[in-house]
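Scroll down for the structure; my scribbles are underneath it.
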Amino acid sequence: MARIPSSSASDDELEEEDEEEEHRNLVPQSETKRPLRSSALEIGHLPARIGGRGGFFSRKCCLHFLFLLALLSLLIVLLLLFFYRGGSIGGANFPLDRMRESELRALYLLRDQQLGLLKLWNRTRSAALDVAAPPSSAPNSTSVRTDLGKAAAFDELRSALFEQIKLNKKIQNALLSSHNVGNSSSSGTSDDNVFFGLSSLGVDVCRKVDRPASRRTIEWEPKKDRYLFAICLSGQMSNHLICLEKHMFFAALLDRVLVLPSPRFDYQYDQVLDIDHINECFGRKVVIKFDEFSETLKNKMKIDRFICYMASPPCYLDEEHIKRLKDLGLSLGKIEAAWPEDAKSKMQKKRFVGDIMPKFSSNDEVIAIGDVFYADVEEEWMKQAGGPLAHTCKTLIQPSRLIYLTAQRFVQTFLGSNFIALHFRRHGFLKFCNLKPESCFFPIPQAAECMLRIVEKADVPVIYLSTDAAESQTNLLQSLVVFNGKPVPLVKRPDHDSTEKWDALLYRNKLGGDNQVEAMLDKTICAMSTVFLKMIESSLRVIEI
């Protein structure tokens, strides 16, 4: 590099000092307009300038320099934070950046897998109808058991497939949580959120359950002089109805007429059920009341054999109920278990038609099998829409006409045609649920959260509350069930008021205030709802009606 003569530098400095002296007393604006002559190679004289007479201007430049330096430092910090959080600029390939790219790639693959699973799931729906198609000829016990075994295996396959779909969705939610802005827990990976999220992806998991066009059924053609005496003792009305339905299945298998027990031994079923409707559905008399049974046998009322499905205690009968049967004028045969070895087992074994027929077939005139509420018998067959029996009605077991009309009037008065019904059992359930490994007792805030999800989906203005909860609990529940800033009314059946006419039929026929009548009235109102919710077993069961 050529050296610059020092003499020229001295001349320049002298000229600058003269110019500054001449302009010292001018207006300040002229100073900004004066061109500043400087050389890029004058760094060696910078200290003299800073301490010279132009110090104010030099200090201003210094402040600007420090500000720019601070701003640059801030930008560096922001860039470091950006890269630390996984950002990238210009395709920079940092470890966290690569991790995010891997997550997105995994999400893409999971989405592909999900679409394949959904297609397979929807194909199983049509295949399920083929599996459930009735046989071309009358089934025997072996063929029925084989067909039901195939159906059970297919149901297990569908259940396993659905679990894999839910697992896929949970993994997607977990991967997406790190990409969400704000609280990542809001996306949720619980079973409930996964369940409701899948409905928008084409999985028909919560749908109206219609009676299928073809279902597996058996004919109920009883012999006129052979009877099955119904005994149902477990729990309350719901348990008794389930027990009664299973008795009907056994009576059909064994070609027997079902005898309803006396109200002195059990519920007065003819007050809560339409018995004539059941017989009309089959076109023959398959169910008779105890009075008709006693009139037919007159002074020979007896139960020839107790073939107990439940082994411990046999037939679920205690000494008090055995005494009640005898007080009805019945003579009782020997009480024995069909499978005595079950008394040592804590879990009920699954039974099929092939297991039942050899044990319960008998030529005795009257037999009893005891309480079968807990019987695990032909579960897939029993739970199909429409039930296991061949009949001509849409619904086999219906409430009595008075209860049905009263339920219609209540809905017309308080609810309208579009409402949710919630069965929310509380009394005595806390102790029962806490005996389980995972409690099935819902805290009120959790129940309200579940209800709001269904309210949003179903778009209904009101909820019918079928509950035995105390007012303190229902008031808290009402305060929490708020949607779009408005409370969703929770309606319970009010106490009887003579000025209201919706329940007049029951009181006119002296049925008002009866516990079993009111229980069946509750069930009938729930059955008229658009959506029925049942909160049990730490989950929300949804049935669209």
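The values are calculated or read from the model by the stated rules, or taken from the named source; none is laboratory data. Note that the structure is a prediction, hence the values are computed from the model and not measured. Positions of Cβ are backbone-derived with ideal geometry, glycine not excepted, and every protein chain shown enters the neighbour counts. Heavy atoms of the whole protein, side chains included, go into the accessibility calculation; ligands, DNA and RNA do not. Shrake-Rupley method; radii C 1.70, N 1.55, O 1.52, S 1.80 Å.
Accessible area per residue of segment 294-422 at 1.4 Å probe, in Å²? Write down the numbers at each step before the final one.
Numbers: 6680 Å² over 129 residues.
Using a 1.4 Å probe on heavy atoms only, each residue of segment 294-422 averages 52 Å².
5 Å is the cut-off here: which amide hydrogens, built 1.01 Å from N in the peptide plane, fall below it relative to G370, excluding neighbours closer than 5 in sequence?
Amide H neighbours of G370, under 5 Å, 5+ apart: I231.
Can you give the FRET efficiency to the nearest 0.05 for T395 and Q348, using r as the Cβ-Cβ distance and R₀ = 30 Å?
Details: r = 28 Å, r/R0 = 0.92.
According to the calculation, E is roughly 0.60.
HN-Hα J couplings of segment 456-470 from phi, Karplus 6.51/-1.76/1.60, θ = phi - 60°, integer Hz, Gly and Pro as x?
Each residue of segment 456-470 in turn: 4, 6, 7, 6, 10, x, 8, 10, 8, 9, 9, 8, 10, 5, 5 Hz.
So what are the ³J(HN,Hα) numbers for segment 413-419, from phi and the Karplus equation (6.51, -1.76, 1.60; θ = phi - 60°), rounded to whole Hz, Gly and Pro as x?
Along segment 413-419, the couplings run 7, 10, 10, x, 6, 10, 8 Hz.
Quote the FRET efficiency, to the nearest 0.05, computed for N509 versus D459 with a Förster distance R0 of 41 Å and r equal to the Cβ-Cβ distance. Intermediate values should be presented prior to the final figure.
Details: r = 38 Å, r/R0 = 0.92.
So the FRET efficiency works out to roughly 0.60.
Determine the gain in length on full extension of the stretch N279-F432; use 0.36 nm per residue of separation and subtract their C-alpha separation, reporting nm with one decimal. Provide the component values of the computation, followed by the final result.
Numbers: separation 153, 0.36 × 153 = 55.08 nm, distance 3.74 nm.
Gain on stretching N279 to F432: 51.3 nm.
With +1 assigned to the C-beta of every Lys and Arg and -1 to the C-beta of every Asp and Glu, and no other charges, what is the dipole magnitude of segment 225-335 about the Cα centre in debye, to the nearest 20?
460 debye
Hey, any idea what % of segment 204-328's accessible area is carbon plus sulfur with a 1.4 Å probe? Mind dumping the intermediate values first?
Numbers: 2450 of 5750 Å².
Using a 1.4 Å probe with all protein chains present, segment 204-328 comes out at 42 percent carbon and sulfur.
Rounded to whole Hz and in sequence order, give me ³J(HN,Hα) for segment 313-330 from the Karplus expression 6.51 cos²θ - 1.76 cosθ + 1.60, θ = phi - 60°, writing x for Gly and Pro.
x, x, 6, 6, 9, 9, 4, 4, 6, 4, 5, 5, 5, 5, 5, 7, x, 8
Of K510/K534; K223/K246; K323/K346; K246/K298; K383/K492, which pairs sit farther than 24 Å apart, going by alpha carbon to alpha carbon? Walk me through the intermediate numbers first.
Details: K510/K534 31 Å; K223/K246 19 Å; K323/K346 28 Å; K246/K298 28 Å; K383/K492 30 Å.
Over 24 Å apart, Cα to Cα: K510/K534; K323/K346; K246/K298; K383/K492.
Within the accessible area of segment 450-493, what % is carbon and sulfur when the probe is 1.4 Å and the other protein chains stay in place? Could the numbers behind the result be given before it?
Numbers: 1200 of 2260 Å².
The nonpolar share, carbon plus sulfur, comes to 53 percent.
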